[in-house]
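S.K.: Attaching a single structure in C-alpha cells format; questions to follow.
The values are calculated or read from the model by the stated rules, or taken from the named source; none is laboratory data. The model shown is predicted, which means the values in this text are computed figures rather than measured ones. Here Cβ is always computed from backbone atoms with ideal geometry, including for glycine, and neighbour counts include all displayed protein chains.
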Amino acid sequence: MYSILFHISGIAILEICFFFYYVGPIETQMFEKTVRRLSYEPVESLQNLVVQNQLSPSNLQIIQNILFPYIPSTINAPNYNLGTELYENNIRGKNVREKKNRALFLQTVEYWTMLCSISIFVFLVQCKYEHYRKMQKDRGLITMGSEPSLEMIEARSYRKGSIDYDSQLNFSESDKFCNPARISYAWKTLHYAVFGGCVILFQYLFFQNVVFFYDPLSIDEVKYLMYQAFEPEFAKYNPV
C-alpha cells in the first residue's frame with residue numbers, strides 16, 4: 001500500500017511543479033495572444049470606417065465609452081488619462097492574480113505534504129507489522145493455517161485406488177487453481193488496479209480544485225490589452 005502512496009506523491013509533486021511553473025505561464029501567454037488577436041478584428045473595422053469617412057469623433061467617443069465604461073465625472077475630470085487609468089488597473093489586477101495563484105500553489109503544496117505524511121505513516125506501520133511477523137515466525141509462533149496439517153499430508157499419500165481418491169482429486173484440482181503463481185498474479189492485478197484508480201482520482205481532484213481555480217489573466221489585464229489595440233484609433237481623435 002505504501003508503494004502506491006509514494007508513487008502518487010511523486011507524480012503529484014511533478015505535476016504540481018509542471019503546472020505552476022510551466023503550464024500556467026504558457027496559458028497566460030496564450031490568453032494574451034488570443035485577446036490581442038480578437039481585438040484586432042474590431043480595430044480593423046474601425047480603420048475601414050475611418051477610411052470610408054463613416055466614423056466621426058463623437059461616434060468614436062461613444063465606442064470608447066462602451067468598451068471602457070467609467071464614471072462620467074471621472075472621465076471629464078482635468079488631466080484625466082484613460083490609458084494611465086487602465087495601466088494602473090492592469091498592474092493592480094496582475095498583482096492580485098499572481099497573489100491568488102501563489103496562495104493556490106502553497107495550498108496545493110500543503111495538501112501534498114499531508115499526502116507524503118500519510119505515505120510515511122503507512123510505510124512505518126507496515127514495516128513495524130512485517131517486523132512483528134518476522135519475530136513471531138522466529139519464535140515458532142506460526143498459525144495452523146500457514147503450515148500443512150497432518151491430515152492433509154496423509155491425504156496426499158493415499159494410493160490412487162483408495163476409496164478417498166475422488167476427494168483427493170478434488171483437493172488437487174482446488175490446490176492447482178489456487179496455486180502461488182495465480183495468487184501472485186491476482187495480487188499484482190489488484191495492486192495495479194488500485195494504483196490506476198488512485199492516479200485517476202488524483203487527476204480529477206487536481207483539475208477540480210487547482211486547474212479550474214488558476215487565473216491565467218485578470219479582467220483588468222484583458223481591458224488593458226484591448227485598450228492597447230484600440231489606442232491608435234482613439235489617439236487620432238483624442239490627441240494628448
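S.K.: Which of the following residues is within 30 Å of Tyr214 (Cβ to Cβ) and either at pLDDT 90 or above or outside any loop (DSSP other than H, G, I, E, B) (or both): Glu151, Glu88, Glu173?
M.R.: Every option except Glu88 fails the conditions.
S.K.: So, one more: I'm trying to understand the selection: among the residues of segment 1-25, which are among the aliphatic types (A, V, I, L, M) and under 15 Å from Gln107 (Cβ atoms)?
M.R.: Ala12, Ile13, Ile16
S.K.: While we're on this one: State the number of residues belonging to segment 98-111 that are surrounded by 12 or more Cβ atoms within 10 Å (Cβ to Cβ) and closer than 21 Å to Glu27 by Cβ.
M.R.: 8
S.K.: Answer yes or no: is there a residue in segment 74-83 that is at pLDDT below 65 and in a helix (DSSP H, G or I).
M.R.: yes
S.K.: If I go through segment 204-226 residue by residue, how many of them are assigned to a helix (DSSP H, G or I) and under 21 Å from Asn89 (Cβ atoms)?
M.R.: The total comes to 8.
S.K.: Next question, about the same structure. Quick check on my filter: what residues within segment 201-210 are surrounded by 14 or more Cβ atoms within 10 Å (Cβ to Cβ) and of a type in the set (A, V, I, L, M)?
M.R.: Val210
S.K.: Here is a follow-up. Consider only pairs whose beta carbons are under 9 Å apart and that are at least six residues apart or on different chains; among these, list those whose first residue lies in segment 2-23 and is under 13 Å from Gln203 (Cβ atoms) and whose second residue is of a type in the set (Gly, Ala, Ser) and assigned to a helix (DSSP H, G or I).
M.R.: Pairs found: Ile8/Ser119.
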